[in-house]
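Just so it is clear, none of the values below were taken in a lab; they were calculated from the coordinates. This is a predicted model, so every value here is computed, not measured. Don't worry about glycine lacking a Cβ; one is built from the backbone with ideal geometry, like all the others, and counts go over all protein chains shown.
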Amino acid sequence: MGTIKVSNVCKKYGDTFALDNITLEIQENKIYGLLGRNGAGKTTLLNLINNRIFLDEGSIAIDNKKLSEDISGIRKIYFMAEQSLYPQNMKVKELYNWTKEFYPNFDMEYALELSKKFELNINKKIKELSTGYSSICKIINTMASGAEILMFDEPVLGLDANHREMFYKELMESYINNPKTIILSTHIIEEVAQLIERVVIIKDGKLIASEQVEDLLKGCYCISGLNKNIDDYIKDKNCISVDEMAAFKSAIILGENGEEEKRQQRKLDLEVSKVELQKLFIYLTSDGGIK
Amino acid sequence: MRSYKLAKYNIKSILKGIIIYYALFICVITGIELIGGFSIENGSSSGLEFSSAIFLFVLGLNSFRETFYFTQANNIPRMDYFKATAISIFPIALAMSIFDVIINRVHNLISVSPTMYDMAYYNSFSFKGPWTQSNSIQTLFGTITFLFALYIVAFGIGLLITMIYYKCNKIMKIIVSLSPVAVSAIYGQMVYYNHDFGQGVAIFIDNILGISTKNSYMAVITFICLFIILMMFVYLLVRKAVIKKV
């Protein structure tokens, strides 16, 4: 197992809704991308699921057990928070040992192997780690925790391109060898787009999408060609973005790419391609997008 | 089960501080004795174990934030954090009370150094006359239980204060900080205008600590009750505690 059911969840700070009536289901053994702009409510949602903050309304259930009735469900989750919550004087190797105490399935061998790969000095104290290595330490601890559900909140904060690449690779390898539920909350959509199966998008505390990435991208397509032809094509279409480069333009069209559209594209000599998740995300979460 | 593991973590993380404290404590006593030339006639010290109570109070003040954050990082429920904190103070307080009695007995071989228990509950103790410390089982047991109960209360007060500060905003922090001064000022005024009230309070404290009746177990019961009350407040505060932005 490793399922989470969020039902009609509301969280208010003063008069502002951080989360407004969120209902979603996290299925087991799937990789989720939790996306949203700054302050959309992603971290609030993760904190609520982990009982680190408290709900105003609604309920959250882990493996069909409501948190309000049985808190033990949170043991199945390891949540890598953005901030460092580890004792600053603790050494990395001590941290691994203590995590093993609290998560009996913690894989020490794997943690040490990852530390070697990421060149993390396990004899260093947490406070001595740079921002990047602090993230790496949290990543390794989370990945080796053996928990059924792994949650990463901005995991690549401060990581260089090499380490980011390594993290995605290791995460994928770990998932293939031992499938589990993974939630990645990040701003770097381009990098995780190939990783995630399902996407949850939050805008201003409201859920605007929770579906398969493929299904979300099916509802739109990208066309490119000469400026004049693109302008002709998009005038009676729901175009959500246009990029111009010299004599060429590319546009994202919301809607189905049917036979009539394909005929028109051939006539205007336009090329069709898949939309990038990031482009669609920008549209969905911008002021002109879904409200 | 997680509470015990967390209690183990608490004890291990406190251990280093305790070792440093005792190393300093022994050094200070030795230093005082060296200056006095190891002579009984050259002075006396009393109630040195009160410094252990202060140490545990400070430990209580410092023991909330880091441990709480660590428990949250490991998704340990707040109830388990509470249980672990309550569990971990017992062996620490017991070990420290035994250790303090041992240090005191050794110290008494070279100098007059009555414990708080000796001064408050030992019948033949007097600051004026000659005094020989009792090493009967009853006295040793009484001293250890008295110190143990005092230490857990000292820790509980420290923990509660730090949690109140953690939960409060700036204004409340100022109010909480000023409250002891306000209480003592009001009490002073009340005693000034109503002498019977002051006497009543003194008799009440005497009774709950069993000083007149020389019954240290009365103080032990009082301290344990006080510890339970303090921990009830700690529980109420920790129930809805959340991580503050680091």
Item checked: Zone of B:Asn169's modelled label, taken as backbone nitrogen in segment A:13-51 under 20 Å from a point 7 Å along Cα→Cβ -> A:13-18
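Percent antiparallel among DSSP beta bridges with both residues in the protein assembly as shown, to the nearest 5? If you can, show how the numbers build up before the last one.
Values: 38 of 57 bridges.
Expressed as a percentage, antiparallel bridges in the protein assembly as shown total about 65.
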Next item on the list: Determine the sum of side-chain charges near B:Leu48: Lys and Arg each +1, Asp and Glu each -1, restricted to other residues whose C-beta is under 13 angstrom from that of B:Leu48.
Entry: -3
Check: Anyone know which of B:Ile175, B:Ile29, B:Ile102 comes out most mobile in the 10 Å Cα GNM of chain B?
Finding: B:Ile175
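Any idea what the alpha-carbon Rg over 2.2 N^0.38 Å comes to for the protein assembly as shown? Don't jump to the answer; show the numbers that get you there.
On the way: Rg = 32.1 Å, N = 537, 2.2 N^0.38 = 24.0 Å.
Cα Rg divided by the expected 2.2 N^0.38 Å: 1.34.
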Note to self: What does the structure give for B:66-73 when I average, per residue, the other chain Cβ atoms found within 10 Å of the residue Cβ?
What the structure shows: 6
Checklist line | Environment charge at B:Leu150 (Cβ cut-off 11 Å; Lys +1, Arg +1, Asp -1, Glu -1) | finding: -2
Margin query: Amide H of B:Gly47 versus every other amide H placed in the peptide plane: which residues, excluding those fewer than 5 positions away on the same chain, fall under 5 Å?
Written below: B:Thr115, B:Met116
Note to self: Pick from A:Glu28, A:Glu69, A:Glu154 the residue whose mean-square fluctuation is largest in a GNM of chain A, springs joining Cα atoms under 10 Å.
What the structure shows: A:Glu69
Check: At q = 0.15 Å⁻¹, what is the log10 ratio I(q)/I(0) for chain B, with the Debye formula run over Cα points and no solvent?
Finding: -1.16
Check: For A:Leu157 and B:Tyr22, what is the calculated FRET efficiency with R₀ set at 45 Å and r taken between the beta-carbons, to the nearest 0.05?
Finding: 0.60
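Do you know the relative contact order of chain B, to the nearest whole percent, from alpha carbon pairs under 8 angstrom that are 6+ apart? Working shown, then result.
On the way: 228 pairs, mean separation 66.5, N = 246.
Contact order relative to length: 27 percent.
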Note to self: Can you compute 3J(HN,Hα) from phi for each residue in segment A:175-188, using the Karplus curve 6.51 cos²θ - 1.76 cosθ + 1.60 with θ = phi - 60°, rounded to whole Hz and x for Gly and Pro?
What the structure shows: 5, 5, 6, 9, x, 8, 7, 10, 10, 10, 9, 8, 9, 8
Check: How far apart, in nm, are two points set 7 Å out from the Cα along the Cα-to-Cβ line at A:Glu260 and at B:Met1?
Finding: 6.4 nm
Notebook entry, point to check: Tell me, what ³J(HN,Hα) does each residue in segment A:276-282 have, in order and in whole Hz, if you take phi through Karplus 6.51 cos²θ - 1.76 cosθ + 1.60 with θ = phi - 60° and put x for Gly and Pro?
Noted result: 6, 4, 4, 5, 5, 4, 4
Checklist line | Principal-axis tilt of helix A:131-144 within chain A, Cα atoms, nearest 10 degrees | finding: 80 degrees
Notebook entry, point to check: Between A:Lys30 and residues 5 or more places away or on another chain, which pairs have amide H atoms under 5 Å apart, with H built 1.01 Å from N, and which residues are they?
Noted result: A:Thr181, A:Ile182
Note to self: Can you tell me which aspartates and glutamates have their Cα less than 19 Å from the Cα of A:Lys262? Leave out same-chain residues fewer than eight positions away.
What the structure shows: A:Asp231, A:Asp232, A:Asp236, A:Glu271
Margin query: Along the charge dipole of segment A:4-215, pointing to its positive end and built from +1/-1 on Cβ of Lys, Arg, Asp and Glu, which listed residue (A:Asn177, A:Leu46, A:Gly205) has its Cα farthest out?
Written below: A:Leu46
Notebook entry, point to check: Once label points are set 7 Å from the Cα along Cα→Cβ at both B:Val191 and B:Ser212, what is their separation, rounded to one decimal in nm?
Noted result: 1.7 nm
Next item on the list: Let me have the 222 nm mean residue ellipticity of chain B computed from DSSP H runs of 4+ only, each contributing -39500 (n - 2.57), with the sum over all residues rounded to the nearest 500.
Entry: -27000 deg cm²/dmol
Margin query: Can I get the semi-axes of segment B:89-198's equivalent ellipsoid? Compute them from the C-alpha gyration tensor as square roots of 5 times the eigenvalues, in angstrom, largest first.
Written below: 35, 23, 11
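Starting from the Kirkwood Rh over alpha-carbon pairs, what translational D in µm² s⁻¹ does segment A:219-285 have by Stokes-Einstein at 37 °C and 0.692 mPa s?
Details: Rh = 11.9 Å.
Taking Rh from Cα pairs, D becomes 277 µm²/s.
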Check: Can you tell which of B:Ser177, B:Ser63, B:Ser88 shows the greatest fluctuation in a Gaussian network model of chain B with Cα springs below 10 Å?
Finding: B:Ser177
Next item on the list: Report the far tail of the P(r) of segment B:139-218, meaning the percent of Cα-Cα pairs longer than 18 Å.
Entry: 64 percent
Check: Which angle from 0 to 90°, rounded to the nearest 10, does the C-alpha axis of helix A:92-102 make with the longest principal axis of chain A?
Finding: 90 degrees
Checklist line | Amide hydrogen neighbours beyond the local backbone of A:Gln88, cut-off 5 Å, H modeled | finding: none
Note to self: Quick check: net charge around B:Ile87, other residues with Cβ under 13 Å of its Cβ, Lys/Arg +1 and Asp/Glu -1?
What the structure shows: +3
Check: Can you give the extra length, in nm with one decimal, that the chain gains between B:Ile243 and B:Phe141 once fully stretched, where that is 0.36 nm per residue apart less the Cα-Cα distance?
Finding: 32.5 nm
Note to self: Given the -39500 (n - 2.57) contribution per DSSP H run of 4+ residues, what per-residue ellipticity at 222 nm results for chain A, rounded to the nearest 500 deg cm²/dmol?
What the structure shows: -9500 deg cm²/dmol
Next item on the list: Just the ratio, please: alpha-carbon radius of gyration of segment A:4-215 over 2.2 N^0.38 Å, N its number of residues.
Entry: 1.00
Notebook entry, point to check: So what J values fall out for segment A:20-29 if you push phi through Karplus, 6.51 cos²θ - 1.76 cosθ + 1.60 with θ = phi - 60°, rounded to Hz, Gly and Pro as x?
Noted result: 10, 6, 8, 10, 7, 10, 9, 8, 6, 6
Note to self: Which order do the peptides A:86-92, B:19-25 come out in when sorted by mean C-beta neighbours inside 10 angstrom, highest first?
What the structure shows: A:86-92, B:19-25
Next item on the list: Take every Cα pair under 8 Å in chain A that's 6+ residues apart, average their separations, divide by the length, and report that relative contact order as a whole percent.
Entry: 20 percent
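How large is the charge dipole for chain B, taken about the Cα centre, if only the Cβ atoms of Lys, Arg (+1) and Asp, Glu (-1) carry charge, to the nearest 20 debye? If you can, show how the numbers build up before the last one.
Values: 18 positive and 9 negative charges, 302 e Å.
In debye, rounded to 20, chain B gives about 1440.
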Next item on the list: Helix by helix through chain B, keep the DSSP H runs that span 30 Å or more along the axis on Cα and average at least 0.0 on Kyte-Doolittle, and give those back in order.
Entry: B:2-36, B:78-110, B:137-167, B:170-193, B:216-239
